1. Assess whether ASP110 counts as being surrounded by fewer than 14 Cβ atoms within 10 Å (Cβ to Cβ), within 20 Å of TYR124 (Cα to Cα) and not hydrophobic (A, V, I, L, M, F, W, C).
2. Looking only at segment 97-107, which residues are closer than 17 Å to VAL56 by Cα and either part of a strand (DSSP E or B) or at pLDDT below 95 (or both)?
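The values are calculated or read from the model by the stated rules, or taken from the named source; none is laboratory data. Since we're looking at a predicted model, the values are computed, not measured. Cβ placement follows ideal geometry from the backbone for every residue including glycine, while neighbour counts extend to all protein chains displayed.
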Amino acid sequence: MDFEQALVKELSAIPGLTGKVYPGQASEKIIPYIVYLSSAGLKDKDLDGYKDSRRVPFELNIVATRYSDMKQYTELAIDKIISFERRVIGADGPFIRELTYEPPAELFEDAVKAFRSVIDVVVYF
């Protein structure tokens, strides 16, 4: 299981968000949901060359129609990502050695009439 598959499996375990975790974008008809943006990251390198370990930044967007729901899902998502540290994520995904995250940025999207919380995260595996 690759990192993104493991991430989806983990975030889908959040009550109310089962089956509502998407890469890139999601339809506003399925609110609440989480959208993630990720990349292959950057492999670690030392004097012997590139290693299998890597640094992967990703972004979570938590969307809900009510502000209180967005706050609750954001807190649950933060608790979930913090739990990644020093364990294998997903069924058989990568072992997360370390992670960092930034404080969530909150906004209201008038076009879809929903609140969004954006969290920037970096994992090392």
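1. It is false that ASP110 is surrounded by fewer than 14 Cβ atoms within 10 Å (Cβ to Cβ), within 20 Å of TYR124 (Cα to Cα) and not hydrophobic (A, V, I, L, M, F, W, C).
2. Result: GLU98, LEU99, THR100, TYR101.
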